[in-house]
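Trainee: Can you read through this structure? Questions will come right after.
Just so it is clear, none of the values below were taken in a lab; they were calculated from the coordinates. Not measured: the values here are computed from a predicted model. Neighbour counts run over all protein chains shown; Cβ positions are idealised from the backbone, glycine included.
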């Protein structure tokens, strides 16, 4: 029988083989961990895991009570559980009043409130609840009173006559309704009228008549109930360049914006008797504007390439004989419709914390951007930072109570209604 002997093992080769196997195991584990290991879902901020009960409401987190027509308390409509974005600096101290820092926010209505305005007292609100399709009066403590049992679903826009407690509702099918909440009466306005505004006495309205025939499109005025209509200025195909904006002095009812160069445009002012006043050279295009309460000042926002097409605020005289006088820049990048007047000389503005280039052309780019709140001296253009809301709100509408104690606002994302105490 032949004999044989086992080959002599080389220790060095054995160690190399073991090292290679160890390296293969390590690489395999790494590949599994990076690409194949299942992840365990983590709750997002403000959410609770399944089976958990959420914590107690945050400070100021409440839902207003609803008071029915006979004074009885009825359940709230369309109440939402809010998921709030945390403050920029977690754990930072908050102030009860707007004193230049992070400020407590009180909830007034957690149902969808896309449209609101001050009521005739100046210290409460009129609101449209899109969940219920009804209108309410809201006190500054959040209590709600139904203004009417009637329901108006799917309202697309509301123009308020706040002192007379009237509202013009525009609907997606083009129909228009004027409703008087004091008399509980309803008037149907012509379907081709749109973009309404009330006169200061709220007994007349201005509007665009967008007839199907482009040769019959005009700026018009009428009594609030639609009677006594007459036309002021031909629109033709320029309706997108015209804004209806009835000044508190009743001397101006609309403006027309005309581009004059790549970075500038001219604003023309139209009176109720077809007056054509002085024009205003505007620092940009895409103008949004508001008159101050006495009509002697105009604030507007516009953008151009010099501002990286971000909106920039300006203020100027607005009386017909002095339009364009004392024209100055306000050092805030925001839109005019994110501002509101507390008086003829004081204005508050919501200012996005950051704005991307081109946001003047595309305001929706800022829909998720939280706002700071600034106070503006209308005469000088000086600004002062007064509040950072304690949660990350992108403010849609603002109103200041007549007594100056509260700033009311709606959140663009949730359409919920809130307030900040000013004093």
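Trainee: Rg and Dmax of the stretch 338-423 over Cα atoms: what are they, in angstrom?
Mentor: 12.9, 38
Trainee: Relative contact order, percent, of the stretch 209-313 when contacts are C-alpha pairs under 8 Å separated by at least 6 residues?
Mentor: 16 percent
Trainee: How large is the direction-averaged shadow of the alpha-carbon convex hull of the stretch 263-380, in nm²?
Mentor: Details: hull surface 28.6 nm².
Its average projected convex-hull area is 7.2 nm².
Trainee: Between residue 413 and residue 259, how high is the FRET efficiency from 1/(1 + (r/R0)^6) when r is the Cβ-Cβ distance and R₀ = 41 Å? Nearest 0.05.
Mentor: On the way: r = 33 Å, r/R0 = 0.81.
Computed FRET efficiency for residue 413 and residue 259: 0.80.
Trainee: Residue 175 to residue 121: FRET efficiency via 1/(1 + (r/R0)^6), r the Cβ-Cβ distance, R0 25 Å, to the nearest 0.05?
Mentor: The calculated FRET efficiency here is 0.20.
Trainee: Please state the Cα pair-distance histogram of the stretch 115-235 with 10 angstrom bins from zero: what percent is in each bin?
Mentor: 13, 44, 30, 11, 2, 0
Trainee: Run the simple label-point estimate for residue 157 and residue 294 please: 7 Å along Cα→C-beta, distance reported in nm.
Mentor: Placing both labels 7 Å beyond Cα along the Cβ direction yields 3.1 nm.
Trainee: With a 10 Å Cβ neighbour count serving as the proxy for reagent exposure, in which order, fewest first, do 365, 280 appear?
Mentor: So the ranking, lowest neighbour count to highest, is 365, 280.
Trainee: Ranked by Cβ crowding within 10 angstrom, fewest neighbours first, how are 305, 200 ordered?
Mentor: Least to most surrounded, the residues fall as 305, 200.
Trainee: Within 10 Å of each residue's Cβ, count the other Cβ atoms and sort 330, 400 from fewest upward.
Mentor: Ordered from fewest to most neighbouring Cβ atoms within 10 Å, 330, 400 come out as 400, 330.
Trainee: If you find the alpha carbon centre of the stretch 272-345 and of the stretch 360-380, how far apart are they in angstrom?
Mentor: Distance between centres, Cα-based: 14 Å.
Trainee: Label residue 94 and residue 403 with points 7 Å out from Cα along Cα→Cβ: what is the distance between them in nm?
Mentor: Between residue 94 and residue 403, the simple spin-label model gives 2.3 nm.
Trainee: What spacing in nm lies between the two simple spin-label points modelled at residue 214 and residue 380, each 7 Å away from Cα in the Cβ direction?
Mentor: So the two model labels end up 5.0 nm from each other.
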